[in-house]
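Note sheet for the following structure.
Derivation of every value follows stated rules applied to the coordinates shown; laboratory data play no part. If you're wondering where the values come from, they're calculated on a predicted model, not measured in any experiment. Using ideal geometry, Cβ is built from the backbone for each residue, glycine included, and neighbour counts are taken over all protein chains shown.
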Amino acid sequence: MRLLAWADQKGLRNWAGNIEYSTDRVRTYTSLEQVQAYVKTQNRLKVLGTRHCFNNIADSKDVFLSLKPMDNVIAIDAAKRTVTVAAGITYGQLCPYLDAKGFALHNLASLPHISVAGACSTATHGSGQKNGNLATAVSGLEIVTADGRVVNLSREQDGEIFNGAVVGLGAIGVITKVTLNIQPSFMMRQYVYEDLPLSEMKEHFDAIESSGYSVSLFTDWQKQRINELWIKSRVEEGQTFHAVPEFFGAKLATRNLHPIKELSAENCTEQMGVPGPWYERLPHFRMGFTPSAGKELQSEYFVPRQHAVEAILAVERLRDQVGPSLLITEIRTIAADQLWMSPCYEQDCVTIHFTWKPDWTSVSKLLPVIEKELAPFNARPHWGKLFTTSPAELRRIYKKMPDFIELSGRYDPQGKFRNEYLSKNIFTT
Ligand SMILES: Cc1cc2nc3c(=O)[nH]c(=O)nc-3n(C[C@H](O)[C@H](O)[C@H](O)COP(=O)(O)OP(=O)(O)OC[C@H]3O[C@@H](n4cnc5c(N)ncnc54)[C@H](O)[C@@H]3O)c2cc1C
């Protein structure tokens, strides 16, 4: 056991710095047996991943368990096309290793800095009409439950229980190993277009979204346009995007761009159609560099795919209110899945994301306004970002929540892994 270096600084905070956790006590262990023994002795604890959530989902008043040193690749099964990793590993560590062995993951978030276990626990996603969120790649979990037992769950053998546990919001137990589906490594190209007229987006949303393997639209909601359109395509025959100088009225960029155009593109993955491995094109931001703007808050809402254009236009109507607090919005698509607490449970989704200036006073007033506009579409907030959606509304829009509560209770009857966030949003009764 040792204290982590970043815990020594006064006040342990999340990546964005907007949350100071309620304790700075962090324990780290290097073996499964140590984790089991420690969990057994504690009344309450939370596992900390890489601290990239913007709300208090990871917070603890008691003690944190960090699996940061447990970050190795345990096995690649080439026949079954799976990789098993210790739960402290980040995508930034895993992906180059996988690629060197000839394999790839199906998708990545905008940044590789996050832990695999923490990302999957909150249904973190990238983009792509046919791509499920990152948790959909999980095919097996090893979990230390509240009594210190080790439970192994797999997609193959545990069906619905597995579907309930994968997006576990930190409530099921300590995930110590994750098995992920892999596929043969692939190369990608990324092109960026500037100034897509909103009217073209409205008329051709499906064609634009299906133009690449993973497509992102960035807008500040001003001037009736999408500021940047990022198209990431695989280089295989039939999948490559053939860049034309003008695409639905948008102009092909002639230099690498940051999603916030004023910022340097140095932090961003290579664009301009330069081919590169999947893990250096799927994220927008490069490992080793600050992702996004750095000083920011984030919120995001998942809307059923069939309401995409309507929902986007509803937010656009709020442009004057939203504009002063916003750095940039990103719009992405995600395929439906079967994971109970995933915002994409049984529905293809479009996500409307907000990177905010770091001013919670203003943002906290805007979120209810946005949520009201998106409520008719049953919008679901990102579990790891800032939202004000009421617990009653969450219960209404997550039909599997009662089953999830029952499942968590089975593995953690005394609420050892619960915290304020979970008590407020999930275990409300
Ligand atoms: C700059 C930036 C860009 C982002 N981009 C995206 C994006 O493109 N798409 C997207 O969907 N999200 C994005 N996010 C949000 C982020 O990916 C998620 O919030 C993710 O959950 C962070 O993972 P983490 O390891 O930092 O988790 P933490 O914040 O450390 O923890 C999150 C939850 O996971 C639990 N947890 C972590 N590890 C374990 C474990 N081993 N066992 C059990 N529970 C565990 C914690 O207890 C907590 O409940 C972004 C965030 C930032 C800061």
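Screening the range 324-356 for residues that are within 28 Å of residue 153 (Cα to Cα) and polar (S, T, N, Q) and picking the one that is nearest to the ligand (Cβ to nearest atom) gives 342. The strands (runs of 3 or more DSSP E) falling completely within the range 252-365 that include 1 or more residues that are crowded, with 18+ Cβ neighbours inside 10 Å and acidic (Asp, Glu) map to 297-304, 326-334.
Table: residues versus (1) within 12 Å of the ligand (Cβ to nearest atom); (2) not in a helix (DSSP H, G or I).
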position	(1), (2)
368	no, no
375	no, no
383	yes, yes
389	no, yes
394	no, no
407	no, no
413	no, yes
417	yes, yes
421	yes, no
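Being hydrophobic (A, V, I, L, M, F, W, C), within 19 Å of residue 395 (Cβ to Cβ) and out of contact with any His (no Cβ under 7 Å at 6 or more places or on another chain) is the requirement here; does residue 318 meet it? No. So, in the range 64-88, how many residues would count as being within 22 Å of residue 109 (Cα to Cα), without any contact (Cβ under 8 Å) to a residue 60 or more places away in the chain and surrounded by fewer than 23 Cβ atoms within 10 Å (Cβ to Cβ)? Within the range 64-88, residues that are within 22 Å of residue 109 (Cα to Cα), without any contact (Cβ under 8 Å) to a residue 60 or more places away in the chain and surrounded by fewer than 23 Cβ atoms within 10 Å (Cβ to Cβ) number 3. I'd like the residue in the range 23-47 that is in contact (Cβ under 8 Å) with a residue 60 or more places away in the chain and under 18 Å from residue 423 (Cβ atoms) and, out of all such residues, is surrounded by the fewest Cβ atoms within 10 Å (Cβ to Cβ). Going through the qualifying residues, I end up with 43. Of the residues making up the range 45-63, those that are part of a helix (DSSP H, G or I) and farther than 14 Å from residue 168 by Cα number 1. For the range 214-251, taking the residues that are assigned to a strand (DSSP E or B) and of a type in the set (A, V, I, L, M), the one that is surrounded by the most Cβ atoms within 10 Å (Cβ to Cβ) is identified as 229.
Out of the residues in the range 172-189 that are within 23 Å of residue 214 (Cβ to Cβ) and assigned to a strand (DSSP E or B), which is nearest to the ligand (Cβ to nearest atom)? Spell out the reasoning first.
In the first step, residues of the range 172-189 are kept if they are within 23 Å of residue 214 (Cβ to Cβ); the result is 178, 180-189.
The next check asks that each one be assigned to a strand (DSSP E or B); those that pass are 178, 180-181, 183-184, 187-189.
Numbers: 178: 8, 180: 14, 181: 18, 183: 20, 184: 24, 187: 21, 188: 16, 189: 20 Å.
The extreme case among them is 178.
Summed over the range 89-148, residues that are of a type in the set (Gly, Ala, Ser) and either part of a helix (DSSP H, G or I) or within 10 Å of the ligand (Cβ to nearest atom) (or both) total 14.
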